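One structure below.
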Number of protein chains: 2
Amino acid sequence: MPRSGPTRIAGAGQGRPRIAVDALGGDRAPNEIVAGALDAAEDGIEVILFGPVGLETHGLELVETTAEIEMDEKPAEAVRAKPGSSLVEAHRAVAAGRADAVLSAGNTGAMLAAGLLHLRRLPGVLRPAIAVPIPAQRGPSVLLDVGANADARPDHLLQFAHMGAIFAEEILGLARPEVRLLSIGEEPEKGNQLTLEAHALLAANGLGFAGNAESRDLLAGAADVVVCDGFTGNIALKLLEGTIKTILDSLRAEITATSRGKLGGLLIRPAARRLRMRLDPDTYGGAYLLGLRGLSVIAHGNSSRRAIANAIRLAARGVDHDVAGRLASRLPERGSPAAV
Amino acid sequence: MPRSGPTRIAGAGQGRPRIAVDALGGDRAPNEIVAGALDAAEDGIEVILFGPVGLETHGLELVETTAEIEMDEKPAEAVRAKPGSSLVEAHRAVAAGRADAVLSAGNTGAMLAAGLLHLRRLPGVLRPAIAVPIPAQRGPSVLLDVGANADARPDHLLQFAHMGAIFAEEILGLARPEVRLLSIGEEPEKGNQLTLEAHALLAANGLGFAGNAESRDLLAGAADVVVCDGFTGNIALKLLEGTIKTILDSLRAEITATSRGKLGGLLIRPAARRLRMRLDPDTYGGAYLLGLRGLSVIAHGNSSRRAIANAIRLAARGVDHDVAGRLASRLPERGSPAAV
């Protein structure tokens, strides 16, 4: 695996990937976190748990921490006020080279704040972005930003496009990823002020830019990389997840309402399970926070054991492919705009 | 049915609702439009078709027009350049009192431009908004704006909330509709600049405002009225429709992949059909353009006969309930901000 250029990247080590896991992050912490970590460890991933004294880790390494950041705390303040929290300590382990990536199912804002403070931005990166793999029907694609930047500028979106394209190449294994801009019509003149300006910027830069994508095609497969501001992306991601769940639940309710339906339900169970599994957000389990000098993976707040195990595997894949290092070396050569 | 206040509202007539239908609007015009119009006419709705000389209307009244506005034309220019088009003539019929509401499956931008030019805004209305009924699991709700204003201000969103609440009362029959703001978290401090400011405005005004709604709850039922800017609403609506279609199609493909699944599929067919019917956008068929001195209903571009028939029924319901007149009389009494 080639190493990155001159920029020092935390966690771009060799050998087994070491993932620093916040045992206190998420609604089902610590039990589901520890259980998921144990599952991932069985794949040969080295998991280091960060949590309170006395946490039962079933043999996994524990770094003892003294505080916890709650979901409702103000992120930047909490990260500064609680340097001994599990979330912050896990970041510091990556910054110090004791781990290759950090993972938490906790407060997303705190992840962003801790990443900016302790891992810091890659040179030239304007804003980090959260990139999430979408289980699209025509194959996985990546949607970004899904929430790091509620308000974004056109040049931010251009850089998200570059970062997303590198992610698609390195992690999804796509040779020349097609990039599209999420908007309200395929024509270049459809959109709001942000997307109209971003469209022009994207079209003028050396990307595989194929124009606007419409949200109706997101699950079928709109493009390899779909770019948007963090507000729009967060709305889209949660709508996708919520709609999948509501429809499958509604279908189950309709089917079990009659005995004929119940019998049919038994027969289609394997098919329904295949679909549910493919669409389940737990299949990826997490999203990358791209643009930092170290790898950060954010898992769902309500992550189950399976979601955590898969998110740790996603983090390990990012370490194996040296995603942060590739971003550091490839963003400048792609002619991405630089921070001023 | 009480009439509106002093503002003259086009189309708030008595007797059978008369709906002016653009026979040339939409991908499947004119055949599906005429077929849908015939179905709606059987319910006692008076349909007036606007289309070219010689159009076969099977006995429905035809107003002969001389031009057509295409989907890819620049809306405002096309509406001005083609006063004899079916879309514009249908609007003028409402403005002149020869019809009570206008309906088209054509260019949404042209509908907005023709509405502003020929029906004009209600006094005090800052911006019209497109309001669409959502077939939520806990009962119908209304989402607005879904595309009239790609960029919106906080005071626009406040007025959309008032218009949506009146719509929910008059058309959905809800006594004290709960209003929520679509954002990226339930907490008031979650959102982008627009929603943060709009949240404060909504909370300070005499609405049934219950805070932010998350997109994940939209299909299950987030609130009676869900308010957002037109870009976000359009993204959300199309994502909802596309995801429903993709999941049901994927499920069918999974089920028919095995003979066991095929048998099960036969047994669950009535249940699946009930669900598909409930979630089908054709069940409403259209969206209201609220805030004009006359009623305008926008149907899907790819409307089928069934969608058109239901959209005409939706328009007729709006006439029966004098939605435009209610908005005219009730917006000022609700203390909605006024246009300057």
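The values are calculated or read from the model by the stated rules, or taken from the named source; none is laboratory data. Here the structure is a predicted model, which means the values were calculated and not measured. FYI the Cβ positions are ideal-geometry reconstructions off the backbone, even for glycines, and counts take in every protein chain you see.
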TODO: Being within 8 Å of chain B (Cβ to nearest Cβ) and closer than 19 Å to B:Leu239 by Cα is the filter here, so list the residues in segment A:191-217 that pass it.
DONE: A:Gly191, A:Asn192, A:Thr195, A:Glu214, A:Ser215, A:Arg216, A:Asp217
- [ ] Return the total of residues in segment B:215-236 being free of Cβ contacts under 8 Å to residues at least 12 places away in the same chain and of a type in the set (D, E, K, R).
- [x] 2
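This table checks each residue for (1) at pLDDT 95 or above; (2) in a helix (DSSP H, G or I); (3) over 20 Å from B:Ile134 (Cβ atoms).
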| position | (1), (2), (3) |
| --- | --- |
| B:Pro270 | no, yes, yes |
| B:Leu275 | no, yes, no |
| B:Ile298 | yes, no, no |
| B:Gly318 | no, yes, no |
TODO: Kindly list the number of the only condition in (1) part of a helix (DSSP H, G or I); (2) away from chain B (no Cβ under 14 Å); (3) touching a Leu at 6+ places or on another chain (Cβ under 8 Å); (4) polar (S, T, N, Q) that fails for A:Ser250.
DONE: (2)
- [ ] Being among the β-branched types (Val, Ile, Thr) and over 18 Å from the mean Cα position of the chain (by Cα) narrows it down to one of A:Ile184, A:Ile166, so name that one.
- [x] A:Ile184
TODO: Would you be able to tell me the number of residues in segment B:107-149 that are closer than 29 Å to B:Gly221 by Cα and out of contact with any Pro (no Cβ under 9 Å at 6 or more places or on another chain)?
DONE: 13
Open item on the list: Going residue by residue through segment B:261-282, is there one that turns out to be closer than 24 Å to A:Ile244 by Cα and acidic (Asp, Glu)?
Closed with: yes
Open item on the list: Residue pairs, Cβ under 8 Å, 6 or more apart or interchain, first in segment A:179-197 and closer than 14 Å to A:Asp217 by Cβ, second of a type in the set (Lys, Arg) and not in a loop (DSSP other than H, G, I, E, B). List them.
Closed with: A:Ile184/B:Lys238
TODO: Tell me which of these B:Ala96 doesn't satisfy, since it passes every other one: (1) surrounded by fewer than 21 Cβ atoms within 10 Å (Cβ to Cβ); (2) in contact with a Cys (Cβ under 8 Å, 6 or more places away or on another chain); (3) not hydroxyl-bearing (Ser, Thr, Tyr).
DONE: (2)
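A quick yes/no check of all residues on (1) under 26 Å from A:Phe50 (Cβ atoms); (2) touching a strand residue (DSSP E or B) at 6+ places or on another chain (Cβ under 6 Å):
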position	(1), (2)
A:Leu103	yes, yes
A:Thr108	yes, yes
A:Ser141	no, yes
A:Ala150	no, no
A:Ile166	no, no
TODO: Could you pull out the residue among A:Leu289, A:Leu327 that is of a type in the set (A, V, I, L, M, F, W, C) and either surrounded by fewer than 19 Cβ atoms within 10 Å (Cβ to Cβ) or assigned to a helix (DSSP H, G or I) (or both)?
DONE: A:Leu327
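Going through segment B:97-113 one residue at a time, which ones are under 13 Å from B:Glu77 (Cα atoms) and in contact (Cβ under 8 Å) with a residue 40 or more places away in the chain?
Once the filter is applied, which keeps residues that are under 13 Å from B:Glu77 (Cα atoms) and in contact (Cβ under 8 Å) with a residue 40 or more places away in the chain, segment B:97-113 yields B:Asn107, B:Ala110, B:Met111, B:Leu112.
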- [ ] Name every residue in segment A:175-191 that is more than 12 Å from A:Ala161 (Cβ to Cβ) and buried (at least 22 other Cβ atoms within 10 Å of the Cβ), in order of residue number.
- [x] A:Ser183, A:Ile184, A:Gly191
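With segment B:92-197 as the region, which strands (runs of 3 or more DSSP E) entirely inside it contain at least 1 residues that are closer than 30 Å to B:Lys82 by Cα and modelled with pLDDT of 95 or more?
Working: elements: B:101-104, B:129-134, B:141-144, B:179-183.
Fully inside segment B:92-197 and qualifying: B:101-104, B:129-134, B:141-144.
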Open item on the list: Scan segment A:261-274 and tell me whether some residue there is within 24 Å of the chain's Cα centre (by Cα) and either surrounded by 20 or more Cβ atoms within 10 Å (Cβ to Cβ) or at the interface with another protein chain (Cβ under 7 Å from one of its Cβ atoms) (or both).
Closed with: yes
- [ ] Report whether or not B:Ala78 is touching a residue at least 12 places away in the same chain (Cβ under 8 Å), among the hydrophobic types (A, V, I, L, M, F, W, C) and within 18 Å of B:Leu295 (Cα to Cα).
- [x] no
- [ ] Consider A:Ala220 carefully, then state whether it is hydrophobic (A, V, I, L, M, F, W, C), within 11 Å of another protein chain (Cβ to nearest Cβ), crowded, with 18+ Cβ neighbours inside 10 Å and outside any helix (DSSP H, G or I).
- [x] no
